[in-house]
Every structure is written in C-alpha cells, then in structure tokens.
Amino acid sequence: MKTWTKRGALLGGALSFLSIAAARAQVQNPPLVRAPQQPQVFTPPPTSVVLRPDQVELLTRTLAQAPTHGFEPGDFSADAILPMLGARDTATRQAGQAQLILNILRYAKAVRSGRLASDAFLGDWGLRPAAYDPGPDFVQAAGQDRLGPWLDSLPPPYTGYQTLRKGLATYRDIAARGGWKPLAAGTPPLKLGAKNDPRIAALEARLAVEDPTIAVDGAPVFDEALQQALMRAQKRFGLNPDGGLGPQTLTALNVPVERRIDQILANMERWRWLPQQLPADRIQVNIAAAVMSVFHDDAPNLTMRAVTGRPGDETPMLSSTIHSIVLNPPWNVPSSIAAKELWPKQRANPRYFANNDFIVIQTEGGGSRLQQKAGPKAALGLVKFDFNNPYGVYLHDTPSRSKFASFSRLASHGCVRLEKPIPLAKQLLAADPAWSPEVVDETIAAGKTVRAPLAQPIAVFLLYWTAYVTPDGQVNFRDDPYGWDRELVLRIAASAPGAA
C-alpha cells in the first residue's frame, strides 16, 4: 500500500522490446529523453604502472569476453588499440596501455555495479548498487600480480547470474539461427486430440527451438508428447499448465527472441545492483512472479505465493530489514487510496464505513484520516511485517484469499500480501522464548493489537526477476508487468558512450 507519488513514467507497454543495438539506433533518431548522466569517476592509475606482456594479454582477453556478460561487442573492445600495444616505440606502447587500462576500468565498474548513473534510476528502483571505483583495486592487483583473481571477483558471485550468462549464449545462438516463427492464431484452440491442423506442426517446431528434448516428426496430430512439451513451456512462462494453446500461451510463445534476450540482459544488470554478499538468513520476494521465499543458511526453507502491486501501483525494488511483527494490525489508509477508492464508496453508501469497520480519525490542523480497525474485515489480515522504507510498503496477511489460486497475482496497491503469513510469523519469532507458537495463536485470537519486536531482525529483498534459470538448465521467463525490462534496456542504451 504505497503512499508516495510515482516519479518517472514508463514508456508505453504496447511498444515491442528492442535489443541493445536496436535501442541505440532508436536513441539516435529520435533522441531518447533521459536523466542527466553523472560521469564515471575512476582514480587514475599512476603512470608508473607498466604492464607486462602476459598482463596485457590477460586484460585484452577479458575485454574480448565482455559480451558474455551482456555487453555489446564494441563497448570495451581492445581491437582498436592492439596495433599500439604491439608498437616498437615506447611512447606508442605506453599510450596503448593507458587506453587498455581505461577500458578495463570502465568494464570493471560496469560488470561490478552496472551501467546506470545514480540519477538514471527510476524512483521505484530503490535497490541501488554500492558505488565502486575500480582504480585503487586495479593498481593493487597489478602490483601484487593478482589481476586474474581481481577480474574474476568483479561479476556478481551468484549462481543466478552465472546461469543467465549461459542462457544469454543459448538465446543469442537461437537468434543467430533465425529465432522462431510466430504461431498463427486460430479457432478452436489447439489441444490434445486435434488432427490435420497445420498449426500442430508449427507448434511442435516452435517448442523444439527452446526444448531440445522434443523430437520433431511433423505429424499432424496433437498427441500426449506434444501436450507434455507444451505444458513444460507453460510452466517456464509461469502460465497455467493446461496443455492447450490458449491466447496467453500463444502470446508467450510469440514473444520474439530479441525480446527474450533483452529480458536476460535486464535481469543480469539487476543482479549487479545486489550487494557482493547476501545475508545467509533473508526473505526474498520476486515481484514479477509474485513468490516469496525465506532463506536460512542460504537455502530456502519456506516458500509461498504472494500478491504484488498491480501496474500503476508497482511494488518497488528495495532492500531493508524486518524489525517487528504486528499482530491484529489496524490499517491506516493512505490518503490517496482513501480519496480515490473509499470516500466515493461511502458517498454512494453512507453505511459503507460502518459495515467495513472504518473510522474517521481527526488530526491536528482540522484534517482527518481513515483507519480500518483490526479484525476479520481488516485489509491487513491478522499479521503485518514491518521494515523501514521510503515507499510505505510492507508484507502482510489478507482476508481475501482467492487471488492466491491465480497464476497472475499482481493486484495490490504496492504492498506484498502473503499466502501463509502466520507460519512465517512463527518462524521469525522462534528465536524469542516469549513468543512460542502457542502465544502467537493466543494473541491473535484475543484480537488485541500487539507489536512483537524480532529478537533476530531479518533482511528482506524485494526483487524483480523476469528471467531466471531453473535447475534443469531451462531459462524461465515471466511477463514484464511494469515495463521495467524495456525501460532499463533503453536507459542502458542512452547511457552508452556516444549516445545522444
């Protein structure tokens, strides 16, 4: 239940995704309006740094591999300075080394903390990378002959990032081979038992592009093998695996490969916004997939469905710490929600507030605010998890349970509703002997509002993952409900050297 005003409108969702290269072309004509970019600041290496031939080779090889991290081939290329590095005269070689070092510093900063200046983030992107100046680390690594380990330490040290690198290579290879052809719509929707429909062979060929286990035989029969293949694809897209080619599945299959590559690139960039080490005990919410997981000793031990913000009421990306739990919480209604949604209902039905346990509280200065009393009708349910953040969002229970059964669960005002909040509350309070599971149940049953500080506060991360790799090696994609993938790709393109 976000209370702040959005800054930075998203570009229209009807526009198609662009690859980084295509985005740069768009930036040129017409120019993309962008936030002022702060220049990259590096501590310049002293002129006394002289690289050995093997160090020069290591750095040039690293820059040649930069595209595997999602960068464009020309972003940090050393090709133009290779003749200088091999020149006979000392001055030319030194100039070449200076340019090589500058390229490495630019690469190091980009792969460690991303490519956006701090003023190029949307307001909802509250998860920001730590500032990083690679200059001192480079000088130390060169002096200690540890350039290799230093370079290896720069990318995000997470399996999620490394598997996306492999996924990027896979989808770039698919694109190089021509991608896939869009499937034609038709009636009735294809399902098990269909025969003699040209869409069947087209569907089989389309699925086989991403699923190497499919044996393409071109038979005009929608058999069980094709149904299972389609269900696997639906699961990868976060759709209901009903085994039929309905409108949602058709739309997902017809997303161009270039857009899928953009999604991978955007998610790799967001991995760079995380700290170099995540707390071993933490809570993570994938906003796009509407799923929450609790990690203990770096392994998930409780996972549940969630409901996250609908487009227009986006759940922000952020990191914070849950410091307390409120049992039987009242809901202090944000003024924007009260004005837009609740007061009109009260004017239409003068009993609306009374019937739904809302009270009007007078404030200093002659104003008023709405509060919904704790109880069975309270929008926050029986439990609220509090953490400091500038957006006024939190995790909470809800009396409306039907949405958890849906595969599309973006419906809140920005807060995160949880499918199993009481088990989560008991797990987080387990470190405090005063809050046994029985005491939690008794307190909730009593109906009194009580705040329980956590003996061991826990980190919480609200993240936006629309592309990730499952243990079977398959890249899973989710819709980009807020348009943040596309916006990030365009902002990266606008911040590139030479962008207008």
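The values are calculated or read from the model by the stated rules, or taken from the named source; none is laboratory data. All values derive from a computational prediction rather than experimental measurement. So basically every Cβ, Gly included, is an ideal-geometry build from the backbone, and we count neighbours across all protein chains shown. The protein model used for the area step is the full one, side chains on, heavy atoms only, and it has no ligands, DNA or RNA in it. Shrake-Rupley method; radii C 1.70, N 1.55, O 1.52, S 1.80 Å.
Cβ under 15 Å from D479's Cβ, D479 left aside: what net charge do those residues give with Lys, Arg +1 and Asp, Glu -1?
+3
Helix 257-271 sits at what angle to the longest principal axis of the chain, using alpha carbons and giving 0 to 90 degrees rounded to 10?
80 degrees
Where the centre of each part is set by its Cα atoms, how far does segment 79-115 sit from segment 173-191, in angstrom?
Segment 79-115 and segment 173-191 have Cα centres separated by 44 Å.
What's the ranking of 476-483, 291-298 by average number of surrounding C-beta atoms within 10 Å, highest first? Intermediate values should be presented prior to the final figure.
Working: 476-483: 21.2, 291-298: 16.5.
Descending mean neighbour count gives 476-483, 291-298.
Where the centroid of each part is defined by its Cα atoms, how far is segment 296-321 from segment 332-402 in Å?
22 Å
Report, to the nearest 10°, how far helix 437-446 tilts away from the longest principal axis of the Cα atoms in the chain, using its own Cα long axis and a range of 0 to 90°.
50 degrees
In what sequence, highest mean first, do 415-422, 125-132 appear when ranked by Cβ atoms within 10 angstrom?
Ranked by mean Cβ neighbours within 10 Å, highest first: 415-422, 125-132.
Which percent of the accessible area of the chain is formed by carbon and sulfur heavy atoms (probe 1.4 angstrom)?
Heavy-atom surface of the chain belonging to carbon and sulfur, 1.4 Å probe: 55 percent.
By its C-alpha gyration tensor, with a ≥ b ≥ c as the square roots of the eigenvalues, how is the chain shaped: rounded for a/c under 1.5, else prolate for a/b larger than b/c, else oblate? List each step's numbers first, then the result.
Values: a/c = 1.99, a/b = 1.34, b/c = 1.48.
Here the chain falls in the oblate category.
Dipole of segment 278-317, Cα-centred, from +1 at each Lys and Arg C-beta and -1 at each Asp and Glu C-beta, to the nearest 20 debye?
160 debye
Just going by the charge dipole of the chain, with Lys and Arg at +1 and Asp and Glu at -1 on Cβ, which of I261, F222, Q371 is farthest out on the positive end?
Q371
Which of the pairs K340/K373; K345/K420; K191/K235; K340/K384; K166/K235; K377/K403 have their Cα atoms more than 22 Å apart in this structure?
K345/K420; K340/K384, as the Cα separations exceed 22 Å there.
Treating only the Cβ of Lys, Arg, Asp and Glu as charged (+1, +1, -1, -1), what charge dipole size does the chain show about its Cα centre? Round to the nearest 20 debye. Write out the running numbers ahead of the final one.
Details: 53 positive and 44 negative charges, 251 e Å.
I would put it at about 1200 debye.
If you add up the charges near R351, with Lys and Arg at +1 and Asp and Glu at -1, over every other residue whose beta carbon is less than 15 angstrom from its beta carbon, what do you get?
Taking every other residue near R351 into account, the sum is +2.
Helix-only mean residue ellipticity at 222 nm, the chain, DSSP H runs n ≥ 4 weighted -39,500 (n - 2.57), per residue, nearest 500. What is it?
Details: 16 runs with 173 residues, N = 500.
Computed mean residue ellipticity for the chain: -10500 deg cm²/dmol.
Just order 62-69, 323-330, 190-197 by mean Cβ neighbour count inside 10 Å, highest at the front, would you?
Packing order, densest peptide first, comes out as 323-330, 62-69, 190-197.
Sorted by accessible area (1.4 Å probe), largest first, how do T90, T159 line up?
Output order, biggest surface exposure first: T159, T90.
Can you figure out the FRET efficiency of M304 with N196, using R₀ = 45 Å and their beta-carbon distance, to the nearest 0.05?
Values: r = 45 Å, r/R0 = 0.99.
The computed FRET efficiency comes out at 0.50.
Rounded, prolate or oblate: which fits segment 199-325, taking a ≥ b ≥ c as square roots of the Cα gyration tensor eigenvalues, rounded meaning a/c under 1.5, else prolate when a/b beats b/c?
Prolate, since a/c reaches 1.5 and a/b exceeds b/c.
Pop the C-beta distance of S118 and W150 into the FRET formula with R0 = 35 Å and round what comes out to the nearest 0.05.
0.90
Summing Lys, Arg as +1 and Asp, Glu as -1, what charge do residues with Cβ under 9 Å from the Cβ of R409 carry, R409 excluded?
Net of charged neighbours comes to +3.
Just the number please: accessible area per residue for the chain, 1.4 Å probe, all protein chains included, in Å².
47 Å²
Which FRET efficiency value, to the nearest 0.05, is calculated for A205 and Q140 with the Förster distance at 51 angstrom and r the Cβ-Cβ distance?
Approximately 0.40, to the nearest 0.05.
With +1 assigned to the C-beta of every Lys and Arg and -1 to the C-beta of every Asp and Glu, and no other charges, what is the dipole magnitude of segment 350-500 about the Cα centre in debye, to the nearest 20?
That gives segment 350-500 a dipole magnitude of about 440 debye.
Working out 0.36 nm times the residue gap between A434 and A348, then minus their Cα-Cα distance, what length gain in nm do you get to one decimal?
Residue separation times 0.36 nm, minus the Cα-Cα distance, leaves 26.3 nm.
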